[in-house]
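Novice: What follows is a structure written as structure tokens; I'll ask about it next.
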Amino acid sequence: MEQQTELAIMPENNNSSSPPTGMQVIFREFKKDKLAIGSLIFLITLFVSIFLSSYLLVDQDEVMKVTLSSIYAEPGEQGFILGADHAGRDVLGQLLIGARNSFEIAIAITVITAIIGIAIGLITGYFGGFIDNFFMRIIDFFMTLPTLMIIIVFVTIVPKYNEWTFVLILSLFYWVGTARLIRSKALTESRRDYINASKTMGTSNIVIIFREIMPNISSLIIVELTLSFAGNIGIETGLSFLGFGLPPDTPSLGTLVAYAMNPIVLSSKWWIWVPASLLILVVMLAINYVGQALRRSADAKQRLG
Amino acid sequence: MWKTVLRRFLVMIPQLFILSLLIFIMAKQMPGDPFTGLITPETDPARIEELREMAGLNDPWYIQYYNWITNALQGDFGKSYVFKVPVAEIIGERALNTFWLSLLSVFLVYLIAIPLGVLAGRYQNSLLDKSIVLYSYISYAIPTFVLALVFVFAFGFSIPIFPTSGTVDVNAVPGTFGYFLSKVYHILLPAITYALLGTTAIIQYLRSEVIDAQTQDYVRTARSKGIPIKKVYTKHIFRNSLLPIAAFIGFTITGLLVGSIFIETVFGYHGMGQLFISSITSRDYSVITALVLLFGFLTLLGGLLSDIIMSIVDPRIRIE
């Protein structure tokens, strides 16, 4: 009996001597969720192929040249794999370049909003008091704005308009979401004992924020980045669809879908808008699946693996 | 409880004030003013200057802001640059359309989401649950305009059961039952589209609530007393989960305002969202300003509504 209890307490084949590291947890979570793995692989192949093909194979000026002889060419005619639009421009080329533009813009917005949002969130959450109140007022105010409408108005007023002003305008409004999330997490983290211990030891505030708090909320940051990326793709394509996104001569997924506002295109020239819509839908779905898997790996109660 | 309401209302006033100030400053940046629409080849520039002076366009900005606000509070938003009629008139006709669309959409959202959420929670991990969860993922990921386009294509052109644009049939005579029927016919597809997209939060929330509630003591007590499981779900679990959902109404309304821009544009439905887009395209700045102010105000109102319902429903959140 005694031997049995001893064995029960000290199992011999105890391989896991330390809790699984972050990457291992994420790995295990993905392995359990086949959809998430499939989505991740799909996304990576898609991104790589889009970036490679749009920079190497397709020339933007060639694609955007108006060729009257190929108006509304069907898929397969005249060498157009996906047909041509109302100005005779190759749809596949526009799809590739447009997808690349959308991804680049979405990545840029995500990165900028992440930097600003995380920095402000951490600082307000950590210091509290007056700084916290001040920024919370600002954030609350931004939350009450009809953001989309104001963005559209800005887009029409700003004089020198190109991709970068677009990214800046969007980042100006969307950093608040990230900041709010990070702030609430940083608030709870800052009250923990290990932070107090660090403060007693005399660690400078900046080191505490970036070397202690931030790594501990890194899982939240990763999930937030992923979902924010998906959201930004949606916003950028939506704005381009309405006509307030990229400048008119730049191909984008949203402008391709916008051609469907014409009833003729919608009903009979499906090759113009269906591939773009499908691409948007599939990419956003895939990113969401990956994001959900990441979110589950961060919260131990919801893990599958 | 009324103290919370009053307090939230009072907080809203400075927010509105700052919002209107911001919008006013934005409006001042826009090129053009009410008189640019009146300039014809025969007008005398000096006369236009005189008109501008009389209308107070050369006054310092705070006086202009004060005039604008006092007028706006009385419902006078100035004249549309493009249509030459008072802005309030233009917005008024559209606002009613958007209002009906929103009402029907919110109703459909709850009609769809509540049964689905409860069912998903009750039969967890079954095929039904998995397909409902899949549906909520897809409806979350798909952009509004893509779904709207697909629906117009599928139900407007391929299987022509719904009209593709407009609020009402051109031939319908106002006041008759046929007119009413035609209006309903035109409103259905946009409302369904919106409802399908807005159900995500409610389904997820209800589903997790029901799953949690299944392990609660009061459910076990009820079962041990012999109450049939169906009644436990409908009378106990359902009611407990329902209250916070009512607070979602505020957020649903806010989401509606933004979504209306896309949905009304795609469906050609003459509501406020479509008015916004068309006035941006035609650079009708007085309408734009009034609309942005109105939407901002409605957003604030939606948040206030959510807070009020939350505080009614959950005594813990009431005045401390």
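Novice: Rounded to two decimal places and with Rh computed the Kirkwood way over Cα pairs, what is Rg over Rh for the stretch A:192-249?
Specialist: On the way: Rg = 19.7 Å, Rh = 14.5 Å.
With Rh from the inverse mean 1/r over Cα pairs, Rg/Rh is 1.36.
Novice: Have a look at chain A and give its Rg and Dmax from the Cα atoms, expressed in angstrom.
Specialist: 24.6, 91
Novice: OK, next. If you find the alpha carbon centre of the stretch B:234-294 and of the stretch A:282-299, how far apart are they in angstrom?
Specialist: After rounding, the separation between the Cα centres reads 28 Å.
Novice: Take the alpha carbon atoms of chain B, find their radius of gyration, then divide it by 2.2 N^0.38 Å using N residues; give the quotient.
Specialist: Against the compact-globule rule of thumb, the ratio is 1.25.
Novice: Using +1 on the beta carbon of Lys and Arg, -1 on that of Asp and Glu, and nothing else charged, what's the dipole of the protein assembly as shown about the Cα centre, debye to 20?
Specialist: 2320 debye
Novice: Continuing with the same structure: Using 0.36 nm per residue, how much length does the chain from B:Leu242 to B:Glu89 gain when fully extended, once their Cα-Cα distance is taken away?
Specialist: 51.2 nm
Novice: State the volume of the convex hull built on the alpha-carbon positions of the protein assembly as shown, expressed per residue in Å³ and rounded to an integer.
Specialist: 254 Å³
Novice: When the dipole is taken about the Cα centre of the stretch A:112-193, and only Lys, Arg (+1) and Asp, Glu (-1) are charged at their Cβ, what size is it in debye, to the nearest 20?
Specialist: The calculation lands at about 60 debye.
Novice: Hey, another quick one. I need the shape label for the stretch A:155-305. Rule: rounded when a/c is under 1.5, else prolate if a/b > b/c, else oblate, with a, b, c from the alpha carbon gyration tensor.
Specialist: oblate
Novice: Using amide H atoms built in the peptide plane, which far-off residues or other-chain residues are under 5 Å from B:Lys79 H to H?
Specialist: For B:Lys79, whose amide H was placed from the backbone, the distant partners under 5 Å are B:Val87.
Novice: State which entries of B:Lys28/B:Lys183; B:Lys28/B:Lys84; A:Lys65/A:Lys269; A:Lys32/A:Lys199 exceed 31 angstrom in Cα-Cα distance in the structure shown.
Specialist: Distance filter (> 31 Å) returns B:Lys28/B:Lys183; A:Lys32/A:Lys199.
Novice: Using +1 at the C-beta of Lys and Arg and -1 at the C-beta of Asp and Glu, which of A:Ile287, A:Val274, A:Ile50 has the Cα lying farthest in the positive direction of the dipole of the stretch A:19-302?
Specialist: Working it through, the farthest residue towards the positive pole turns out to be A:Ile287.
Novice: For chain A, what does the helix formula give at 222 nm: sum of -39500 (n - 2.57) over DSSP H segments with n ≥ 4, over the residue count, nearest 500 deg cm²/dmol?
Specialist: Mean residue ellipticity at 222 nm (helix-derived): -23500 deg cm²/dmol.
Novice: Turning to a different aspect of this structure: With point charges of +1 on the Cβ of Lys and Arg and -1 on the Cβ of Asp and Glu, referenced to the Cα centre of chain A, which listed residue (A:Tyr72, A:Ile131, A:Thr113) lies farthest in the positive direction of the dipole?
Specialist: A:Ile131
Novice: Now, a different point. So how strong a dipole does chain B carry about its Cα centre when Lys and Arg Cβ are +1 and Asp and Glu Cβ are -1, to the nearest 20 debye?
Specialist: Using Cβ point charges on Lys, Arg, Asp and Glu, chain B gives about 1880 debye.
Values in this text are rule-based calculations from the coordinates and carry no lab data. All values derive from a computational prediction rather than experimental measurement. Quick reminder, even Gly has a Cβ in these numbers, built from the backbone with ideal geometry, and neighbours come from all protein chains shown.
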